[in-house]
Amino acid sequence: MGFGGAVFSQDRPNVVFVMPDDISHNAFSYFNSNGPRTPNIDKLAEDSVRLTDFHVSPTCSPTRAALMTGRFNDAPGVWHTIFGSNQLRTDEITMADVFKHNGYATGLFFKWHLGDNYPFRPKDRGFEYVAWTKAGGVGQSPDYW
């Protein structure tokens with residue numbers, strides 16, 4: 001039994017997306033043997049499927065919108081990080097919606113940056129369990145739009 005009544009099964013994998021912000025893959029020893037030692041991340045990488053051909057946008061919100069929807073960031077309406085341009089259109093289907101529809105428990109932990117207020121919050125977008133920082137990070141002002 002998992003959290004929130006979700007059943008963990010051997011028939012399908014657990015799925016965890018780790019998306020660090022403003023850091024290169026070269027910061028991890030799994031990818032850069034001359035870089036800093038990151039044994040726990042190395043172990044996670046060894047035991048995981050890695051997505052190695054994802055193209056990021058110049059700022060974080062458009063990149064997150066593309067990951068959440070599987071679409072180029074302009075399609076779901078996210079083209080920057082400020083003044084409401086980071087809010088994922090409400091009619092977009094997110095990966096959390098798809099996982100939840102298929103019986104997975106969904107959670108988002110830490111950064112969202114795709115809208116802070118209803119109906120843009122992660123809990124409005126398919127995530128059942130949320131522990132997040134509003135805005136782009138600690139110390140920044142949340143959206144008031």
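The values are calculated or read from the model by the stated rules, or taken from the named source; none is laboratory data. Since we're looking at a predicted model, the values are computed, not measured. Here Cβ is always computed from backbone atoms with ideal geometry, including for glycine, and neighbour counts include all displayed protein chains. For accessibility, only protein heavy atoms count, side chains too; no ligands or nucleic acids. Shrake-Rupley method; radii C 1.70, N 1.55, O 1.52, S 1.80 Å.
Pick from L114, L108: which is touching a Lys or Arg at 6+ places or on another chain (Cβ under 9 Å), among the aliphatic types (A, V, I, L, M), closer than 23 Å to G139 by Cβ and at pLDDT below 95? Steps first, answer last, please.
Numbers: L108 fails: at pLDDT below 95.
Just a single option satisfies the conditions, and that option is L114.
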- prompt: With respect to S85, is the statement that it is without any contact (Cβ under 8 Å) to a residue 60 or more places away in the chain, touching a Phe, Trp or Tyr at 6+ places or on another chain (Cβ under 6 Å) and of a type in the set (S, T, Y) true?
  reply: yes
- prompt: Which of (1) open to solvent by 50 Å² or more (accessible area, probe 1.4 Å); (2) in contact with a Pro (Cβ under 9 Å, 6 or more places away or on another chain); (3) aliphatic (A, V, I, L, M); (4) not in a loop (DSSP other than H, G, I, E, B) does L44 not meet, given it meets every other one?
  reply: (2)
task: Among the numbered conditions (1) open to solvent by less than 20 Å² (accessible area, probe 1.4 Å); (2) of a type outside the set (A, V, I, L, M, F, W, C); (3) in a loop (DSSP other than H, G, I, E, B), tell me where S61 comes up short.
output: (3)
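From the list F83, F31, which residue is in contact with a His (Cβ under 6 Å, 6 or more places away or on another chain), open to solvent by 20 Å² or more (accessible area, probe 1.4 Å) and assigned to a loop (DSSP other than H, G, I, E, B)? First the steps, then the outcome.
Values: F83 fails: in contact with a His (Cβ under 6 Å, 6 or more places away or on another chain).
F31 is the lone residue from the list that is in contact with a His (Cβ under 6 Å, 6 or more places away or on another chain), open to solvent by 20 Å² or more (accessible area, probe 1.4 Å) and assigned to a loop (DSSP other than H, G, I, E, B).
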query: Quick one: G77 ticks every box in (1) part of a helix (DSSP H, G or I); (2) open to solvent by less than 30 Å² (accessible area, probe 1.4 Å) bar one, so which box is it?
result: (1)
- line: Restricting attention to the range 86-145, the residues that are under 16 Å from M68 (Cα atoms), among the hydrophobic types (A, V, I, L, M, F, W, C), open to solvent by less than 60 Å² (accessible area, probe 1.4 Å) and assigned to a strand (DSSP E or B) number exactly 2
- prompt: If we scan the range 129-143, do we find a residue that is farther than 15 Å from S85 by Cα, in contact with a helix residue (DSSP H, G or I) (Cβ under 8 Å, 6 or more places away or on another chain) and among the hydrophobic types (A, V, I, L, M, F, W, C)?
  reply: yes
- request: Look at T52 and say whether it is within 17 Å of the chain's Cα centre (by Cα) and at pLDDT below 90.
  value: yes
